[in-house]
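Down below is the structure, laid out as structure tokens.
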Amino acid sequence: MKSIKKILIANRGEIALRIIRACQEMAIETVAVYSDADKDSLHVKYADEAVNISPPLSRKSYLNIDNIIKAAKDKNADAIHPGYGFLSENESFSKACSENALTFIGPSAECIATVGNKSAARKIISALGVPIIPGSNNVISSPEEAINIAKDVGYPVILKASGGGGGRGMRIAHNKEELVEAISVASGEARAAFGNPDLYLEKYIEKPRHIEIQILGDSFGNYVHLGERECSIQMRYQKLIEESPSSFVDEALRNKLGETAILIARSIGYTNAGTMEFLVDSNKDFYFMEVNARVQVEHPVTEMITGVDIIQQQILIAAGSELEFKQNDIRLNGWSMECRINAADPEENFMPSPGKIENLVLPGGPGVRLDTHIYNNYEVSPFYDSLIGKLIVWGKDRPMAIKRMQRALSEFKIQGIKVTTGFHEMVFKDAAFIKGNINTHFLEKFNVTEAG
Amino acid sequence: MSTETYKITTPLMGTFYKASAPGEKPLIEVGQRVEAAEVVCIIESMKIFTELRADQGGTVIKILVEDEEPVMKNQELIEIEID
């Protein structure tokens, strides 16, 4: 077993703090990296050491492989945790870590490459007998090619960035004209977010639920799944509310999805924590979407109902430990829900709202967990994601989790910037939501329009 | 006849881009004519790209910020002389 004594966290915001906290509980030292825009950020204060990796723009700081590797070597770190986003699913970064004798906390570079090439991954996974959504088998090379494929599979179609996730570079098109325009916009977003403008295209399944399975795999071929998360409440293809378990998933579907997720993981030699995303239609038929080769934003809801600390498991697996539990040991206890609190103005079409936080009062009390990097007088910069915190609740069942979330949201007070708490409160009072009657189009009834 | 101008301002804090993607040609240059509702620049804020459009047709007489420059909410970006 490798010894991990010091971890550099190649990320910022709430996830950097989350990783630092996991390390502290394991008596592992931490090194933060930060851009000029983040010098007052909490992850810098909480880490044992911190290294400035210069200018604010992501591609010069948190996407700068050379600077991050240099920081790790200068500080004698043994391992790097990439968090989510940024370099978390970057094959070159994972390779650069191994070349510099640093343990990358995540799947192998080969695995990242396999699942990162989404068109190739679809072929491999389809060959296992896992249902996939029809679409382009490769990156689309021209608008003409996209138009031809869209004609074959039928509109509407969705464009997705080959290099990324998280909704960046995703666009739906209902006809040829929309498709041509969407290609140009989505490609630009994909290039800016992931440094890769490549897109692929697939048929858009109407009113599905987004259900994903969290898996853990060690380097001895042991796999467990930690149940599902439902992430159907999305805005512009970005998840806004997540929960575990899903009110739509019964024991039979959970077992089927779990077995499928592990089949996928095993077939590609996946190690560490990962998520297999599926769309599930109203007949409970499911389609594989993609593998997320990283820890996900919404991992806390799984932690709350399984008692498994996913970040600590990632570190143990990367250090070469064997999983300490088997599938039969995993019990889903109660219900957990998460609201992503974003610096965005629901009354102005969710326009980003950077600025200085004032008069902050944070929620607490029984069953409430808040993963956040903000504090009073903290300046939310325009350079990064608008996520300023994740409000997570646990209840013995879904009605109790909903009541706790309503209470926690009402306790959350913030001035100086606009945030989405009021919008979440509206969703948590909605009769259909309370019944669990949701799908990925749920938020459309709140007259949420496209970005712009 | 006196000329009338107006300025395009940004509704949000972020980064100003002259082109819709890196390496592509700028959406506008000084001296160029723009139509009403034509996209004149891009503002990136919190990873969201917002296209700003001309209110009225006219000629670009000044671009007040550099490419990739950080901009504040309501900052003036582009001056246009109305037809």
Can you figure out the FRET efficiency of A:Arg236 with B:Thr5, using R₀ = 25 Å and their beta-carbon distance, to the nearest 0.05? 0.10
Mean Cβ-within-10 Å packing, highest first, puts peptides A:305-313, A:12-20, A:126-134 in the order A:12-20, A:305-313, A:126-134
Apply the a/c threshold of 1.5 to the C-alpha gyration tensor of the range A:274-328 and tell me whether it is rounded, prolate or oblate. prolate
Show that you can apply the helix-only estimate: for chain A, add -39,500 (n - 2.57) for every DSSP H stretch of four or more residues, divide by all residues, and state [θ] at 222 nm to the nearest 500. -9500 deg cm²/dmol
Scaled radius of gyration (Cα, divided by 2.2 N^0.38 Å) that the range A:134-203 gives: 0.96
Suppose R0 equals 35 Å. What FRET efficiency, 1/(1 + (r/R0)^6) with r the Cβ-Cβ distance, do A:Ala127 and A:Glu206 give to the nearest 0.05? 0.85
Give me the compactness ratio for the range A:374-452, meaning the Cα radius of gyration over 2.2 N^0.38 Å. 1.26
Expressed as a whole percent, how much of the Cα-Cα distance distribution for the range A:168-237 exceeds 14 Å? 71 percent
Translational diffusion coefficient, Stokes-Einstein: compute it for chain A using the Kirkwood radius over C-alpha pairs as Rh, at 10 °C and 1.306 mPa s, and state it as an integer in µm² s⁻¹. 71 µm²/s
Longer than 22 Å from Cα to Cα, which of A:Lys45/A:Lys75; A:Lys160/B:Lys47; A:Lys239/B:Lys47; A:Lys356/A:Lys418; A:Lys418/B:Lys18; A:Lys118/A:Lys390 are they? Say none if no pair is. A:Lys418/B:Lys18; A:Lys118/A:Lys390
Quick one: Debye curve from the C-alpha atoms of the range A:6-105, no solvent, what's log10 I(q)/I(0) at q = 0.13 Å⁻¹? -0.36
Sorting check: for A:263-269, A:140-146, A:441-447, which peptide has the highest mean count of neighbouring beta carbons within 10 Å, and how do the rest follow? A:263-269, A:140-146, A:441-447
Tell me, what is the Rg over Rh of chain B, with Rh the Kirkwood radius over Cα pairs? 0.96
List, in order, the whole-Hz ³J(HN,Hα) value for each residue of the range A:358-365 obtained from phi through the Karplus relation with A = 6.51, B = -1.76, C = 1.60 and θ = phi - 60°; use x for Gly and Pro. 10, 6, 7, 10, 9, x, x, x
In the range A:404-429, whose amide N lies under 12 Å from the spot 7 Å out along Cα-to-Cβ of A:Asn359? List them in ranges. A:413-417
Rounded to 5, the percent of DSSP beta bridges in the range A:6-105 classed as antiparallel: 0 percent
Computed label-point distance, nm, for sites A:Lys73 and A:Glu411 using a 7 Å Cα→Cβ extension: 4.8 nm
Report the antiparallel proportion of the DSSP beta bridges in chain A as a percent, rounded to a multiple of 5. 80 percent
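Read-outs: derived from the displayed coordinates by stated rules, not from any lab. Small disclaimer: the values here were computed from a predicted structure and weren't measured. Positions of Cβ are generated from backbone atoms using ideal geometry, with glycine treated the same way; all protein chains shown enter the neighbour counts.
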